[in-house]
Amino acid sequence: MKGTKEITFKVKAANTETVLFWLIPTGTQTWTERRLIGYDIKENENDNNFSLTWNIDKPYLHDHLHIQAIGEGIVTNDIINLSMN
């Protein structure tokens, strides 16, 4: 990712209304330092595709991308490690 200024994340999630994209610093107990970098909302009943194009506003990345898929009565979480040399 060296020199990358923009990245697009794509999520396919059934039974989901909203997907939140959180940037969290690496380390232990850093959840309180998270920053919401974007979200996507379901456009219609057949829409299971969510995405975020993020303009990287940091000189480097050594973070976690925490993805929360929120549906009626359920929240699903996943984490992607991000790094830039």
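The values are calculated or read from the model by the stated rules, or taken from the named source; none is laboratory data. Quick caveat, the model's predicted, so the values are computed rather than measured. As a convention, Cβ positions derive from the backbone with ideal geometry for all residues, glycine included, and neighbour counts pool all protein chains shown. Each accessible area value is taken on the protein alone, full model and side chains, heavy atoms only, with ligands, DNA and RNA left out. Shrake-Rupley method; radii C 1.70, N 1.55, O 1.52, S 1.80 Å.
For segment 1-38, the tally of residues that are out of contact with any strand residue (DSSP E or B) (no Cβ under 9 Å at 6 or more places or on another chain), of a type in the set (Ser, Thr, Tyr) and over 22 Å from Ile70 (Cα atoms) stands at 2. The set of residues in segment 24-51 that are loosely packed, with under 11 Cβ neighbours inside 10 Å and of a type in the set (S, T, N, Q) comprises Thr28, Gln29, Thr32, Asn44, Asn46.
Filtering segment 52-85 to residues that are small (Gly, Ala, Ser) and either surrounded by 14 or more Cβ atoms within 10 Å (Cβ to Cβ) or within 14 Å of Arg35 (Cβ to Cβ) (or both) leaves Ala69, Gly71. Considering only residues in segment 1-23 that are modelled with pLDDT under 95, over 12 Å from Thr76 (Cα atoms) and aliphatic (A, V, I, L, M), the one that is most open to solvent (accessible area, probe 1.4 Å) turns out to be Met1.
Checked against (1) modelled with pLDDT of 95 or more; (2) under 12 Å from the mean Cα position of the chain (by Cα); (3) β-branched (Val, Ile, Thr), Ile41 passes all but condition (2).
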